[in-house]
Amino acid sequence: SDVVAAATTVPSSTVTAQTITLTTANGGGSGNISVAADDSAGAIATKINTAGATSGNGISASASTTAYLSNLGTDGTITFTLASETGDATVGSTAAISAVMGGSVTALVADINSNFAATGISAESVVMSNDGGVGVKLFNSLGNDISILNFTDSGAGTTATLGDEIDESDVVTLT
């Protein structure tokens, strides 16, 4: 699924409107599945599961979303709004995240996890593979898009990024 970040607004997902035809190896089918523009991986999996249950052909799908926060400042306070989304709609509630960095991501991970019931997003500290720096892995087990809005870092000297790979090969800059 998609990773979305912005200073004040959420950009659209990169999923385009399309029709998916599901067919089993023995020729059984579920008909066509209509995917809307901006659908999350979780929304698409739900549509596939609904069609599979209706036809009784045994086709099912699951989805999850992982994103990585990296290049975080080690001093100062990081704040942002965290949300889980499908399309342009927020799933559950948003959460105001705020953590004094103090040289580690421990407080940031704790604040994200304390808001799991609202957002459906969990966090853990990880070592980023490209530079060995410490980052934060964000995870949504339902495949909903992970959204970060209004990101600020009062510390100096770093430009935080959000991406979908631990090697930081595909990131957006958080400003």
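The values are calculated or read from the model by the stated rules, or taken from the named source; none is laboratory data. Bear in mind that the values here come from a model prediction, so they are computed numbers and not experimental data. Please note: Cβ atoms are built from the backbone with ideal geometry, for glycine as well, and neighbour counts cover all protein chains shown. Note: areas computed on protein heavy atoms with side chains; ligands, DNA, RNA excluded. Shrake-Rupley method; radii C 1.70, N 1.55, O 1.52, S 1.80 Å.
For the peptides 108-115, 79-86, the ranking by packing is 79-86, 108-115, with the highest mean count of neighbouring Cβ atoms within 10 Å listed first. When the range 40-175 is described by a simple charge dipole with +1 on each Lys and Arg Cβ and -1 on each Asp and Glu Cβ, the residue from N49, N150, I97 located farthest towards its positive end is N49.
Over the range 32-72, the pair-distance histogram of Cα-Cα distances with 10 Å bins from zero comes to 27, 40, 19, 10, 4 percent, rounded to whole numbers. Alpha carbon centre of the range 131-175 versus the range 26-100: separation in Å? Comparing the Cα centres of the range 131-175 and the range 26-100, I get a distance of 17 Å. Diffusion coefficient of the range 42-129 by Stokes-Einstein, Kirkwood radius over Cα pairs, 20 °C, 1.002 mPa s: 141 µm²/s. Each Lys and Arg Cβ is given +1 and each Asp and Glu Cβ -1; about its Cα centre, the chain then shows a dipole of about 480 debye.
Solvent-accessible surface of the range 33-175, taken per residue with a 1.4 Å probe and all protein chains present: 43 Å².
Ordering 139-152, 45-58 by mean Cβ neighbour count within 10 Å, with the highest value first, yields 139-152, 45-58. The charge dipole of the range 88-175, taken about its Cα centre with unit charges on the Cβ atoms of Lys, Arg (+1), Asp and Glu (-1) only, comes to about 340 debye. Round to the nearest 10 and give me the degree value, 0 to 90, for the angle of helix 41-55's Cα axis relative to the longest principal axis of the chain. The two axes meet at around 20 degrees. Counting only DSSP H runs of at least 4 residues, each contributing -39500 (n - 2.57), and dividing by the residue count of the chain, the helix-based mean residue ellipticity at 222 nm comes to -4500 deg cm²/dmol.
Taking the accessible area of the chain, probe 1.4 Å, and keeping the other protein chains in place, the carbon and sulfur fraction comes to 52%.
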